[in-house]
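Data block below; observations after.
The values are calculated or read from the model by the stated rules, or taken from the named source; none is laboratory data. Everything quoted here is computed from the prediction, not taken from an experiment. Note that we place each Cβ from the backbone using ideal geometry, even for glycine, and neighbour counts take in every protein chain shown.
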Amino acid sequence: MQATLNPTQVEQGVSVVITGRVFDETGASIPNAIISVQVSNPESTTIHLAVAYSNQDGSFEDSFIISSNSMGGNYTTYLVADKPGYQSARVTLTFAYSSPDFSLESSARSLSLRQGDSGTVTITVLPLRGFKQAVNLTALNLPLGVSAQYSPSSVTSKGTVKVTFTISESANLGNFTLILLGVSRSTTHSVPLQLSITRGPLRTYYLLAAFSAIVIFVAALIIRRRNRRARKLAAVEAILKYGSADKGYVTTAGALARLEELRADNRVDDATYARLRKEYERRLEKSK
C-alpha cells in the first residue's frame, strides 16, 4: 500500500485528504480492500477513525479536518489495508500542523513626546492559519505620568488598534521601553516601543500666573509708596498747621522738634526738611 497526505487551508482549519493505492507483490491493483484509518494528535489522542474501500484500480481516499482551535504539533495517521487471502499492509504518515495564530505589526518603533503632549501609534493584527479569535491589546511598562487609550479595545481576525499615549505635564523625563502586548486566550505576542519624553513648553497659564503675580507685586509697591507719601504729606501739613497757628517761641520750638522726629523716621524729604528747618530757626531768632 502507498498513501500520501494533502493538507489544504480551509475556513474551519486545515482539511487533510488521504489518497493511496492497494496492490499485490506484482504491482497489480487490489480492489475492494478494507482500509482502516486512525489519526492521532500530538498527545496521542485519536481525533479521526474511518474505513475506506479500494476501487477497481486499487485507489482509495479519505479526509479529515484539524479544527482551527486544535493544538499545534505532529499528527500521525495509521493506515491498515486488509483483504481475505492477502497479508495486511500498514503505512504510517505524519503531518505537522501549526495551530491558528496571529502576529502584530506597529506603525512606529519609537515615539518622542513632550510633557503635556499626546501621540498615537497603530497596531495591526494579522491572522495566521485561519485565526479568527479576538485579540486584546495592552501597554506594559508605562512610566509614571503616562496613560494609554485603545481604539477599539479589541479586534477579531485582521484589524487595527490605535494606541494613544498621553503625557502629563509632570511625567518623568527620559527614554523608556514599552511593550505593546496582544492577548488572545492563551496566545500572546508583543512588539516593543521606545518612548522618549522631553521637557514640555512653558504653558500659557503659567505665563499669565507669573504676569499676574508681577502686576500684583508692582501694584502693592505703588500703593505702599503712595501711602508712605500720603503719611509724609500729612505729617508735614500737620507741622505747617501747627507752626502757622502760633509763631511764638514755644510753638516754633515744638514744631522744630516734631520736624526732627519726622526726619529721624524718614517721613519727610530732604528738601522739605531743609526748608522748614530754616523757616523755624528764623522764627526762633525773631522771637528771642
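The table that follows gives values for the structure above.
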quantity	calculated
In the stretch 138-172, the residues that are of a type in the set (Ser, Thr, Tyr), surrounded by 14 or more Cβ atoms within 10 Å (Cβ to Cβ), free of Cβ contacts under 8 Å to residues at least 40 places away in the same chain and in a loop (DSSP other than H, G, I, E, B)	SER157
Residue selected from the stretch 52-90 under the condition outside any strand (DSSP E or B) and buried (at least 16 other Cβ atoms within 10 Å of the Cβ), by the criterion modelled with the lowest pLDDT	SER68
LEU93 being in contact (Cβ under 8 Å) with a residue 60 or more places away in the chain, among the hydrophobic types (A, V, I, L, M, F, W, C), closer than 30 Å to VAL155 by Cβ and not in a loop (DSSP other than H, G, I, E, B)	no
Selection within the stretch 25-46 - surrounded by 11 or more Cβ atoms within 10 Å (Cβ to Cβ) and among the hydrophobic types (A, V, I, L, M, F, W, C)	ILE30, ALA33, ILE34, ILE35, VAL37, VAL39
Answer from VAL22, VAL16 - the residue that is in contact with a Pro (Cβ under 7 Å, 6 or more places away or on another chain) and buried (at least 16 other Cβ atoms within 10 Å of the Cβ)	VAL16
Selection count, the stretch 257-278, where residues are in contact (Cβ under 8 Å) with a residue 24 or more places away in the chain and charged (D, E, K, R)	2
Meets criteria (within 29 Å of THR160 (Cα to Cα) and either of a type in the set (Ser, Thr, Tyr) or not in a strand (DSSP E or B) (or both)) for SER36	no
Scope the stretch 96-128; condition among the hydroxyl-bearing types (Ser, Thr, Tyr) and part of a strand (DSSP E or B); matching residues	TYR97, SER103, SER106, SER110, SER112, SER118, THR120, THR122, THR124
Pairs with Cβ under 8 Å, 6+ apart, first in the stretch 74-87 and more than 13 Å from ILE35 (Cα to Cα), second exposed (fewer than 13 other Cβ atoms within 10 Å of the Cβ) and hydrophobic (A, V, I, L, M, F, W, C)	ASN74/ALA96; TYR75/ALA96
Residues satisfying the stated conditions in the stretch 173-183, i.e. surrounded by 20 or more Cβ atoms within 10 Å (Cβ to Cβ) and more than 19 Å from SER107 (Cβ to Cβ)	none
Per-region count, the stretch 53-68, residues in contact (Cβ under 8 Å) with a residue 40 or more places away in the chain and over 13 Å from MET1 (Cα atoms)	7
